[in-house]
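Worksheet for the structure shown next.
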Amino acid sequence: MTDVFSTAVRTKIRRAHPDAGRWLDQVPDAVERCARRWRLDVGYPVDGASDSLVLRAVRGSSPVVLKLAVPGPALERQVAILDAAAGRGYVRLLDADTSAGVLLLEALGQSVGARIVAGAEGRRDLSTIFADTLQRAWQVPSGLIESGPHPAVELRRTVQRLGAGPAGRDYEAVVSRALAYADQRLDACDPTRQVLCHGDPHPWHLCEVLQARPGAPAGVVFVDPIGVRCEPEYDLAVVTREGNRSILTTEDAVVTLRAWCAALAEATDTDAEAIWQWSYLLRVARGLHFLAEENQPDEGRLYLQTAAGLIVRRR
């Protein structure tokens, strides 16, 4: 149990939570306490967890998941969202102790991200599933969490800061377009349309339910909500933020991504142009972040090169 965290995960946790060293050391004892408390037969870690420990387990004859994360406001917000969702669009929360940083969750199957990697389905093919599941997740009242800065404010600040440094030196046009889109999203801010967005609904956060159940008619639900109050196009843009390699290799990247945004907008009665702008802004912010702060230059350049290819001409 002492080696369940990879070096990368430990580094990420320590960067986000400078005081997490003691918590990391106490994780093995916490697992044992949870096993006794909830009468669990604890098994192996779930692949893909990046900032927490997620373990397969069995309670009685039912498969469950035990999640351990650093206690704090982010975890409390996640628990509040999952509790309010009651399985609608989200994984079911079975029990939790936020002070200890432990959650007992419904067991899920393969992620949509894994299906994409396996070549079973393309991202655009899954637009209906994403749209349906997000609309159910958005039923959680937006007032559940306090209103903070609009996401466009934070993204603009990130792009401006990192774009002015070495990471943005070769991408001035990309940075300029992202900042323009941030301003447009701020100008279009409409509190009456805001929902409680997941915040990061990428394919690896969308997983199959093990059996048909209410709240998941498409057979999938989201995990790990961040909780962001924003217009729904923000979440839909996260869906289109990925897939850089497939976008770059299409005959016309602009047409491909515009069509994807249009399909998501039609399925959710939202604005395709807003999805496009959020997607571009998120892609640039992520690329600059990878280049400047995550020491992942190849990944960062891929995001930014895709962004550059999307403004070669007007559409």
How many nm separate the modelled label positions at ALA173 and GLU294, each set 7 Å beyond the Cα in the direction of the Cβ? 2.5 nm
Formal net charge of residues neighbouring VAL58 (Cβ-Cβ distance under 11 Å; K, R +1; D, E -1): +2
Expressed as an acute angle from 0 to 90° and rounded to the nearest 10, what is the orientation of the C-alpha long axis of helix 253-268 relative to the principal long axis of the chain? 60 degrees
Under 12 Å, Cβ to Cβ, from PRO217 - net charge with Lys/Arg +1 and Asp/Glu -1: +2
Which whole-number percent is the relative contact order of the chain (Cα, under 8 Å, 6+ apart)? 16 percent
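If I take R0 = 25 Å and measure r between the Cβ atoms of THR128 and ASP200 in this structure, what FRET efficiency does the formula 1/(1 + (r/R0)^6) give, to the nearest 0.05? Walk me through the numbers on the way to the answer.
On the way: r = 20 Å, r/R0 = 0.81.
E(calc), rounded to 0.05, equals 0.80.
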In the stretch 132-186, which GluC sites (Glu not before Pro) are in a loop and have at most 12 other Cβ atoms within 10 Å, using DSSP for the loop call? GLU146
Per residue solvent-accessible surface (Å²) - the chain, probe of 1.4 Å: 48 Å²
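By the scheme Lys and Arg +1, Asp and Glu -1, what is the net charge of all other residues having a beta-carbon under 12 Å from that of LEU75?
Values: positive: LYS67, ARG77; negative: ASP51, GLU76, ASP97, ASP224.
After counting each charged neighbour, the total is -2.
Relative contact order for the stretch 203-315: what is it in percent, counting Cα pairs under 8 Å that are at least 6 residues apart?
Answer for the stretch 203-315 is 22 percent.
Computing the accessible area with a 1.4 Å probe over protein heavy atoms, can you report the carbon and sulfur percentage for the stretch 80-221? Let's see the in-between values first.
On the way: 3140 of 6560 Å².
Ligands and nucleic acids excluded, carbon and sulfur give 48 percent.
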So how exposed is THR128, as accessible area in Å² (1.4 Å probe, rounded to 10)? 100 Å²
If you take the beta carbon distance between VAL153 and ALA86 as r and set R0 to 41 Å, what does 1/(1 + (r/R0)^6) give as a FRET efficiency, to the nearest 0.05? 0.85
With only helices counted (DSSP H, runs n ≥ 4, each -39500 (n - 2.57)), the per-residue ellipticity at 222 nm for the chain, to the nearest 500, works out to -15000 deg cm²/dmol
Simple spin-label estimate for VAL312 and ASP29 in nanometres, 7 Å along Cα-Cβ: 5.9 nm
For LEU186 and GLU146 in one chain, what is 0.36 nm times their gap in residues minus the Cα-Cα distance, to one decimal in nm? 12.5 nm
Cα long-axis angle, helix 127-137 against the chain (0 to 90 degrees, to the nearest 10): 60 degrees
Specify the angular offset, from 0 to 90 degrees and rounded to the nearest 10, of the alpha carbon long axis of helix 172-187 from the longest principal axis of the alpha carbons in the chain. 70 degrees
Could you please state, rounded to a whole Å, how far the C-alpha centre of the stretch 176-221 is from the C-alpha centre of the stretch 236-296? 13 Å
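Nearest 0.05, what FRET efficiency do ARG39 and ASP97 give at R0 = 22 Å with Cβ-Cβ as r?
On the way: r = 15 Å, r/R0 = 0.69.
Once the sixth-power term is evaluated, E becomes 0.90.
The values are calculated or read from the model by the stated rules, or taken from the named source; none is laboratory data. Because the structure is a prediction, the values reported are computed rather than measured. Cβ coordinates were reconstructed from backbone atoms using ideal geometry, including for glycine residues, and neighbour counts include every protein chain displayed. Heavy atoms of the whole protein, side chains included, go into the accessibility calculation; ligands, DNA and RNA do not. Shrake-Rupley method; radii C 1.70, N 1.55, O 1.52, S 1.80 Å.
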